[in-house]
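First the structure, in the form of structure tokens, and then the observations on it.
The numbers here are math on the coordinates, done by the rules we state, and not lab data. Computed from a predicted structure; not experimentally measured. Neighbour counts are summed over all protein chains in view; Cβ atoms, including those assigned to glycine, are modelled from backbone coordinates with ideal geometry.
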Amino acid sequence: MANYQGTKINPKNYHKSQIKFFLILVPMAIFMALPILYIFSTAFKPINELFAWPPQFIVHEPTMKNFINLFNQPSTTGVPMTRYLFNSIVVAIIVVFASIFVSSLAGYALSKLKFKLKKTLLTLNNVAIIFVGASVVIPRYLIIENLGLVDNFLVHILPGLAIPVGLFLIKQFIDQIPNELIEAAKIDGASEIDIYFNIILPLIKPALATIAIVSFQGVWNNTEISTIYIHNESLKTFAFYMSTLTTQANAVAGQGMAAAGSLVMFIPNLVIFIFLQKNVMDTMAHSGMK
Amino acid sequence: MTEVKQKRSLTNKSKEEIAGHIFILPYALAFLAFITIPVIMGMFLSLTYFNLLEAPRFIFLSNYVTLFTADDVFMQQVIPNTIQFAFFVGPIGYMLGFFLAWLLAQVPHRARTILALVIYSPSMTAGVAMSVMWRIIFSGDEAGYLNAVLIQMSVIQEPIQWLTNPDYLMPVMIIVTLWSSMGIGFLAMLAGVLNINQELYEAAAIDGMSNKLQEIFYITIPSMKPQMLFGAVMSLVATFNAGSIGVQLSGQNPTPQNAGQLIVTHIDDYGFIRFDMGYAAAISVVLLIMVLIFNYAAHKLFGERD
């Protein structure tokens, strides 16, 4: 086997020796993409195609009717769908920015500053990465009730601020910044807060983008909060509204609307990820755990 | 001179101490309120009888005794279901993620970006958006997409009740969860494979390494252990957080004949349907302990031993 060349990582060009990889990857990617393509197609199907048997995968006469129905249908609760969507957008924007701020501040402290609780907090956070939210719904409910957060808009925001895996990734990323840079700034008289804003933040943009994605996905797809903690219909989010469609949408006619709704849920995730994907890969290079 | 210097470094130190605590404060508060305290409270509640109406009554370990000796659904269905589900979604999904990352690292940049995006994209749809669609695809009548396709191809004659037939619910749950499980753990492993120094492979080839399998075990995995660990932890989290998928798909809790009942859904069943909060908390504690054990095992396997 003298001419065995070894694995070529990140090849520059296409070579026919890569065919075997594509033979596995492409069918796999097709399998992954099919359900999503099916939603795309269904979302634009007119009513007669939704009822057609056998069901067609591809839409023949695309229409926006399903989206119009989705936006106009008066919900059973009297709250218009746009209100849910508006709530979701507001919540997502606030949570993304707030969690970026909170975890980068904490990440800087845990990575570069020396203080007493540091070790304990770091260990606790690393254990909490595996934390399964569903296992504490009950005590969480009691706490949220006692904090007066039931039916309060803040309940959408506060629990989303502490994302252990987000803090972990940001801290790992800040670890790469040379200490000399920070010490030099200190000698020049910069305070910790100056250093955070002027040195750390600009250097950790990839990690911030990653946290943005993680927290956006967490909050945008969340139905639990609206279901458990919010009784006031006008404070609930779009993801919750979608989950009520599930139960109504068993009839074929509802499929089009459900598909349109799924697209409204999915597209923002996709667009954000496409814009930020390079940053995510940069961050993931430092994601290693020891 | 030296005295002044010392003084200054002292004040700098205490300044740093104060800044550190202030910077960590907002995160620590949220962490304490929504993670730490709930876990501690859950442990306490698990020792009580609590139905939300009366004050919790201390009953010591009796919830645990009931759970392990008298809860037939738990021992005979929930635990086997969870093990089966966790095995396929956890280790199998993890190996699949690594394998795909390894393949992707060996194709050129542009093709890799597109394929990785497609493989990653299902994980963004987690939860509700997709379960709506899966219910249409797996719908039990002949208008359900999968049934229609299979009937047309004459694979089946009668439509199959994918989501309400206990024989099919679990496989469907596993496939759907695997489909959406190539998340940030997968991306981390991809980054890990890509960052391995090419010279290692070249040197190994000269030293007589003769196939890809050897390379994977002697070079690839050892060189990216930290990412392997991160990926393992992420797939652990994904496995146990996906617990309510059976309820989402079948639209019922408990799932038909408990076929898709996992620990997480068992907690919801007791907590939010039967209002036996103490008992639900006891199940939660068991779940947390299980996750901790798996986490420990992952760290043993890939962590740095020092």
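Sort A:TYR141, B:TYR94 so the one with the fewest other Cβ atoms within 10 Å of its own Cβ comes first. Can you show the working numbers first?
Details: A:TYR141 18, B:TYR94 23.
Taking fewest neighbouring Cβ atoms as first place, the list is A:TYR141, B:TYR94.
With 10 angstrom as the radius, rank A:THR244, A:THR123, A:THR227 by how many other C-beta atoms surround their C-beta, starting from the fewest.
On the way: A:THR244 18, A:THR123 10, A:THR227 14.
Ascending Cβ contact count within 10 Å gives the list A:THR123, A:THR227, A:THR244.
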- Query: Considering only the other residues whose Cβ falls under 14 Å of the Cβ of A:PHE51, what net charge follows from Lys and Arg at +1 and Asp and Glu at -1?
  - Reply: -2
- Out of B:GLU16, B:GLU158, B:GLU202, any idea which swings most in a Gaussian network model of chain B, alpha carbons joined below 10 Å? B:GLU16
- Query: Counting only other chains, what is the mean number of Cβ atoms within 10 angstrom of the Cβ of each residue in peptide B:285-294?
  - Reply: 2
- Task: Count, for each residue of A:185-198, the Cβ atoms from other chains sitting within 10 Å of its Cβ, then give me the mean as a whole number.
- Result: 1
- Item | Computed label-point distance, nm, for sites A:ILE58 and A:ASN13 using a 7 Å Cα→Cβ extension | 3.4 nm
- Task: Excluding A:ALA259 itself, calculate the net charge of residues whose Cβ lies under 12 Å from the Cβ of A:ALA259, where each Lys or Arg counts +1 and each Asp or Glu counts -1.
- Result: +2
- Query: Which of the lysines could a cross-linker bridge to A:LYS171, judged by Cα under 22 Å and excluding same-chain residues fewer than eight apart?
  - Reply: A:LYS112, A:LYS114, A:LYS116, A:LYS118, A:LYS119, A:LYS186, A:LYS205, A:LYS278, A:LYS290, B:LYS13, B:LYS15, B:LYS225
- Item | Where Rh is the Kirkwood radius over Cα pairs, Rg/Rh for segment B:46-302 | 1.06
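Test of understanding: ordering A:TYR196, B:TYR296, A:TYR241 by Cβ neighbours within 10 Å, fewest first, what list do you get?
In order of increasing Cβ crowding within 10 Å: B:TYR296, A:TYR196, A:TYR241.
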- Item | Cα gyration tensor shape for segment A:77-284, rounded if a/c is under 1.5, else prolate or oblate | prolate
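Rounded, prolate or oblate: which fits segment A:40-180 when a ≥ b ≥ c are the square roots of the eigenvalues of the alpha-carbon gyration tensor, with rounded for a/c under 1.5 and prolate only if a/b beats b/c?
prolate
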- Could you work out the helix-only [θ] at 222 nm for chain B, with each DSSP H run of four or more residues adding -39,500 (n - 2.57) and the total divided by the number of residues, to the nearest 500 deg cm²/dmol? -20000 deg cm²/dmol
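Count, for each residue of B:201-212, the Cβ atoms from other chains sitting within 10 Å of its Cβ, then give me the mean as a whole number. Mind dumping the intermediate values first?
Working: counts 5, 4, 1, 3, 7, 3, 1, 3, 4, 4, 2, 3.
What the average comes to for B:201-212 is 3.
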